[in-house]
Amino acid sequence: MPRMKVLRRATLLGFFLLTTFSALFAAPPRLAVEAPPELAPEARRIRDFPPEELSSAQRLVGLEDPGPPIRVFLAPEGSGAALAVPPWVAGYAYSDRGIVVLLPARTPAYPDASLEDLLRHEVAHVLIARASGNRPLPRWFHEGMAMVAGLSWGLDDRARLTMTLLADRQITLAELDRRFAGTGAQVHRAYAISGAFVRDLLEQHGPDAPGRILAGVREGLSFEDAFFRATGESLGDAETSFWERQSFWYRWVPILTSSALLWVLVTLLFLWAVRRRRARDAALRRMWEDEEELVN
């Protein structure tokens, strides 16, 4: 194994051990839940949510102190909070104000699968804003970070990324931001690519890279300058290398899923079946011939 790869893995392991040990003594984010009486059961679920499960998001964004309690409002369908967003949105955050709004009557959509997943995701947005000093961040970075911090990235995301690459191939980070203002399908694809980019950032530059970027933004650097200082490469170069690492998915998956390859596989399967049938028939003929010789 190359020396640099060994050193990188050792560094990542050391960071994870350090942050895990530190988390035992760091206070997790606190929640202040408010809900109308008809949503009391859902409010109880949120109040019973272990705050320690939000510590991973706190570590990822590089916050030692998560700040004041995050206010979580549970709003019923038909309320002003529900009417303010499209019907497929089950939750959102006013990140700069430390407020999360959840709509329990709506089924959480991708990238979240439950009310708890939705809570993690939206709380992560608040923590990201606090880590950046509420300074502007690209939408794709905000959403990709919230996916990773909220533990929303998994096999389903890889499948969605593959389908997105089949449909769109390579798109720019600037285009990603515009996709978040599009239709439901466009937004889902934007989530998949944003989450993949942030995951790639962690793999290439270490789990503390997002925190270093956010710290630079908090100090007054532009996002691009903070990215360069934290990673040693420009955002443009990182974007190019990311797509190069995804080349298998948008170059080979179309071939592997093409109708031509399917017919080749069907033909090979047919020829294999014919060969097996001929071998079986030949064996039966030999057995009959041996039986005839015994009888005679």
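Per-residue packing, averaged as other Cβ atoms within 10 Å, sorts the ranges 35-41, 57-63, 183-189, 70-76 into the order 57-63, 70-76, 183-189, 35-41, beginning with the highest. The packing ranking of peptides 83-89, 227-233, 143-149, highest mean first, is 143-149, 227-233, 83-89, where packing means the average number of other beta carbon atoms within 10 angstrom of each residue. Computed from the Cβ-Cβ distance with R0 of 30 Å, the FRET efficiency linking Gln170 to Ala109 stands at 0.75. Here the gap between Phe180 and Ser79, fully extended at 0.36 nm per residue and compared with their Cα-Cα distance, gives a gain of 34.0 nm.
Around Ala40, with a cut-off of 15 angstrom between Cβ atoms, what is the net charge of the other residues, counting Lys and Arg +1 and Asp and Glu -1? Intermediate results must be reported in sequence, preceding the final value.
Details: positive: Arg44, Arg45, Arg47; negative: Glu34, Glu38, Glu42, Asp48.
Combined, the nearby Lys, Arg, Asp and Glu give -1.
The mean accessible area for residues of segment 209-250, using a 1.4 Å probe and ignoring ligands and nucleic acids, is 45 Å² per residue.
The values are calculated or read from the model by the stated rules, or taken from the named source; none is laboratory data. Note that this is a predicted model, so its numbers are computed, not measured. Heads up, the Cβs are rebuilt from the backbone with ideal geometry, glycines too, and the neighbour counts pull from every protein chain shown. Accessible surface is based on the protein model in full, side chains and every heavy atom, while ligands, DNA and RNA are left aside. Shrake-Rupley method; radii C 1.70, N 1.55, O 1.52, S 1.80 Å.
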